[in-house]
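Written below as structure tokens is the structure these notes are about.
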Amino acid sequence: MNIILLGPPGAGKGTQASRLEAERGMVQLSTGDMLRAAVAAKSEVGLKAKAVMDAGDLVSDEIVTGILSERLDHDDVRKGFILDGYPRTVAQAESLERLLTQKGMALDHVIELVVDEDALIDRITGRFSCASCGTGYHERYKRPLVEGVCDVCGSREFKRRPDDNEETVRNRLAEYRAKTAPILPHYEAKGLVRRADGMAPIAEVNDAIEAILDGG
Ligand code: AP5
Ligand code: ZN
């Protein structure tokens, strides 16, 4: 099963993709994570992408499609993948179609997480993650079980993303509206789009996605 999780910044794409990875053995393909790894490694791609990401703009289609294409060549994606953060433009949706055809793969569903934009600033500015294993948390909606200690690896160090401030989030939302939302009609025309209420609690959103994957 190969799916796209689509939704604005803070809709819960990463949260749900990690759960599907843990529960179903699917592979999460987050272009945001790939780009952040390139920035951390100070690679050529990372050096080009850093300022663009910090401003909340979109990195060029060529760069992002290049890193995704390489990732799709790894054998593990054959277990089924969850695209999280790609495609983000009509050109990327077209490139994805070509890439999947070349590699003998296809999409099963495009799941749109439908959210109320007003809630997203609060979700994103309250977000933090474990500096050691990357597990995501939120100041109000998903605190560690033991205060100050990561549930998964026990680390006491946490970090925040540099693009998670209100000004940048507003720009990311504007980019989503202008460049990413227009890809929905492309997938609607193919009958691939399903919707889940992204405002429900995390576990309920997960159940709704699982029901779609199970053919409900
Ligand atoms: P990327 O990393 O993809 O960020 P994004 O799309 O802005 O998405 P987020 O990670 O902010 O949100 P999410 O939907 O994953 O939410 P999460 O699950 O964390 O991209 C970053 C940048 O990289 C872009 O701005 C761009 O520059 C570049 N980039 C990446 N891909 C690109 C591409 N294809 N083309 C061009 N440029 C690209 O949830 C948010 C918070 O809310 C968490 O704290 C979570 O605990 C909480 N939460 C989640 N669900 C719920 C719920 N149901 N109820 C309550 N709280 C919830
Ligand atoms: Zn951890």
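Using a Gaussian network model on the chain with a 10 Å cutoff between Cα atoms, which of G136, G12, G66 fluctuates the most?
Maximum among the listed residues: G66.
Could you point to the residue in C150, A208, A131 farthest towards the positive end of the chain's charge dipole, with +1 and -1 charges on the Cβ of Lys/Arg and Asp/Glu respectively?
A131
Quick one: 3J(HN,Hα) in Hz for segment 109-116, Karplus 6.51/-1.76/1.60 with θ = phi - 60°, rounded, Gly and Pro as x.
Values, residue by residue: 8, 10, 9, 8, 8, 8, 9, 8 Hz.
I'd like the Karplus ³J(HN,Hα) series for segment 182-191: coefficients 6.51, -1.76, 1.60, θ = phi - 60°, whole numbers in Hz, and an x wherever there's a Gly or Pro.
x, 7, 4, x, 4, 7, 4, 4, 8, x
Would you please give the residues with an amide H less than 5 Å from that of R195, counting only those at least 5 places away or on a separate chain, with H modeled from the backbone geometry?
Hits under the 5 Å cutoff: E112.
Which of the residue pairs K79/K103; K50/K79; K48/K179; K42/K159 have a Cα-Cα distance greater than 22 Å in the structure shown? Mind dumping the intermediate values first?
Working: K79/K103 14 Å; K50/K79 31 Å; K48/K179 20 Å; K42/K159 19 Å.
Result: K50/K79 exceed 22 Å.
Report the FRET efficiency, 1/(1 + (r/R0)^6), for C133 and S43, where r is their Cβ-Cβ distance and R0 is 25 Å, rounded to 0.05. Write down the numbers at each step before the final one.
Working: r = 22 Å, r/R0 = 0.89.
My answer for the efficiency is 0.65.
Non-local amide H neighbours of F158 (under 5 Å, H modeled in plane, Pro and chain starts lacking H): which ones?
So F158 has HN proximity to A131.
Please give the net charge around A49, taking every other residue with its beta carbon less than 12 angstrom from that of A49, where Lys and Arg add +1 and Asp and Glu add -1. Can you show the working numbers first?
Values: positive: R36, K42, K48, K50; negative: E44, D54, D57, E62, D163.
Charge balance in the 12 Å sphere: -1.
Quick one: which residues, 5+ away or cross-chain, put their amide H under 5 Å from the amide H of Q28? H built at 1.01 Å from N.
Amide H neighbours of Q28: I82.
Could you give the length gained by full extension between K179 and D57, i.e. 0.36 nm per residue of separation minus their alpha carbon distance, to one decimal place?
Working: separation 122, 0.36 × 122 = 43.92 nm, distance 1.06 nm.
Fully extending the segment from K179 to D57 adds 42.9 nm.
Using the count of nearby Cβ atoms within 10 Å as a rough guide to exposure, how do K50, K190 rank from fewest to most?
Working: K50 18, K190 11.
By the 10 Å Cβ count, ascending: K190, K50.
Pull up the cross-link candidates among the aspartates and glutamates for K190, meaning alpha carbon to alpha carbon under 19 Å and not fewer than 8 places away within one chain.
Cross-link targets: E94, E97, D108, E112.
None of the figures in this text is laboratory data; all of them are computed from the coordinates on show. Model, not experiment: these values are computed from the prediction. Glycine gets a Cβ as well: all are built from the backbone with ideal geometry, and neighbour counts include every protein chain shown.
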